[in-house]
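Please read the structure below before turning to the comments.
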Amino acid sequence: MRIPSAELLPESAAAVLVAAGIGAGSRVCCALSGGADSVVLFEVLLRLQPRLGFDLVAAHVDHGLSPSSAAWARTCAERCAAAGIPLQIFRVEVDRTHADGLEAAARAVRHAALARVACDWLAFGHHQDDQAETLLFRLLRGSGVRGAAAMRAVEAGRPGRLRPLLGLRRMQLLDWAGAHGLAWVEDESNAELRFTRNAIRHRLLPVAKDLFPAAVPNLACAATHFAEADELLGELAAIDAAACGAPLLRRADFLALSPARQANLLRRMLIGLDAPLPGSVVLGEALRQLRGCDSAHPLRLPLGPWACCAYRDRVWLELAEPPAPQERRWQGEAVLRWGADELRFVESVGEGLDRVRLELAGEVLLAPRREGMRLRLHLSRPRRELRKLCQEAGIPAWLRDRLPVLWVGGEPAWVGGIGVAVEFACAPGAPGLVPDWRPGGVPEAAPSD
């Protein structure tokens, strides 16, 4: 059945919401700038709310970059008040000296503000013309397949992102707005050609459309093809991750992959950590060093906020600069936070630390290692330097200062990734506590053979 033109826009948006599983109990936030696209989205969501049963709120980000920004915020507040929809207004400061330019800086603070909204989904008014501009922008910057996939109509996350109008041309949105008597504000900066996206919109796309009248829908179609390719690369990475034992990769299995698959797997692991992706040159150099490095030589290669590490027969990702842990006093808690890490005490019988001794101790501290500390793990062996124990356990030097140590009465009773000192070990049949160290940003406590 052919959908009447007046209903094409809301029905197209409804299909996206249904595909995302939006229904009763779903909390949807409309990112409302006050411009034409976001106003159309807001009105469409208002009309779909009774049918689909979701809860609707709105959010406006005031960047303070325009003399009219306060007026735009008031316009959004009036629109939401008239519709009975709650509105949050975020007033932010944009770093005008941002290395990537004012556009990138404004986008970063905008998304950071919107991420604070208590909702399941953030809805944006992007349309097909925006998709074409985004694809051109990313291709010209040398983006890979994932970047060339541009925007998705539905992106899972916390919160997820919705673009219900992505399949429609901007002229369709303006026609619908005119037919329903909608008013909106105009951002004067949209005409400034010093901004890259504006230059693409006003200078590059018109030339493309002169040469190829269907340039915009064709570019949007290309983005869909890139998105499909990106999904296939994700599936391939999942296969390789399982084969290599992720998140702590078996070095031999990882190096047996082709260089392209190695790079794809590391990218997907970074995506899973919600980390920014390094450029091809940086990632390529890290893989080159990894392939040429002897397994006995520890390797730690920065990839932005995360680092690719290798030692012995393992390869993994960890935070490049983890938060410094602070000394913590243990007073019987089941869980202790220590920097980015977590230490759990699991009740046991005949395993781990002697629970009674811990409870009777005058002071139990979770703290870093101390210079010259030694530990005895077996009755038949003497106390040994932590450095030697770390070497045997396959713990590289840069991780050793991060190892949590449980100090009981000034003596080391347990070291993460190493084990329990024999003097503090639980006797058979006695109540014990097994320390379970969960490092933040490291896949396992101690990469080992």
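The values are calculated or read from the model by the stated rules, or taken from the named source; none is laboratory data. Predicted model, so just to flag it, every value in this text is computed and none were measured. In this analysis, Cβ positions are derived from the backbone assuming ideal geometry, glycine residues included, and neighbour counts consider all displayed protein chains.
Summary of values
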| item | result |
| --- | --- |
| Segment 131-151, subset more than 16 Å from the chain's Cα centre (by Cα) and among the basic types (Lys, Arg), residue farthest from Gln172 (Cα to Cα) | Arg141 |
| Only listed residue being small (Gly, Ala, Ser), under 19 Å from Glu342 (Cβ atoms) and in contact (Cβ under 8 Å) with a residue 40 or more places away in the chain, chosen from Gly432, Gly417, Gly440, Gly410 | Gly440 |
| Residue in segment 6-16 that is buried (at least 18 other Cβ atoms within 10 Å of the Cβ), over 14 Å from Gln172 (Cα atoms) and of a type outside the set (Phe, Trp, Tyr) present | yes |
| Residue within segment 74-86 that is outside any helix (DSSP H, G or I), at pLDDT 95 or above and touching a strand residue (DSSP E or B) at 6+ places or on another chain (Cβ under 9 Å) present | yes |
| Test result for Val356, loosely packed, with under 15 Cβ neighbours inside 10 Å and in contact (Cβ under 8 Å) with a residue 24 or more places away in the chain | yes |
| Close pairs (7 angstrom Cβ cut-off, 6 or more residues apart or separate chains): within 11 Å of Arg169 (Cα to Cα) in segment 112-130, of a type in the set (Val, Ile, Thr) anywhere | Gln128/Val216; Asp129/Val216 |
| Meets criteria (more than 22 Å from the chain's Cα centre (by Cα), buried (at least 17 other Cβ atoms within 10 Å of the Cβ), outside the structural domain of Gly144 (by TED's automatic domain parsing) and under 13 Å from Leu317 (Cα atoms)) for Arg268 | no |
| Hits in segment 100-119 - residues which are loosely packed, with under 15 Cβ neighbours inside 10 Å and in contact with a helix residue (DSSP H, G or I) (Cβ under 9 Å, 6 or more places away or on another chain) | Asp100, Gly101 |
| Filtered residues of segment 113-141 (kept if within 21 Å of Leu9 (Cβ to Cβ), small (Gly, Ala, Ser) and assigned to a loop (DSSP other than H, G, I, E, B)) | Gly125 |
| Pair list, Cβ < 6 Å and 6+ apart or interchain, from segment 279-295 residues that are without any contact (Cβ under 8 Å) to a residue 60 or more places away in the chain to residues that are basic (Lys, Arg) | Ser295/Arg312 |
| Any hit, segment 375-392, residues being crowded, with 18+ Cβ neighbours inside 10 Å, part of a strand (DSSP E or B) and at pLDDT 90 or above | yes |
| Complete set of residues in segment 142-196 that are free of Cβ contacts under 8 Å to residues at least 24 places away in the same chain, in a loop (DSSP other than H, G, I, E, B) and within 26 Å of Leu17 (Cα to Cα) | Ala156, Gly157, Arg158, Gly181 |
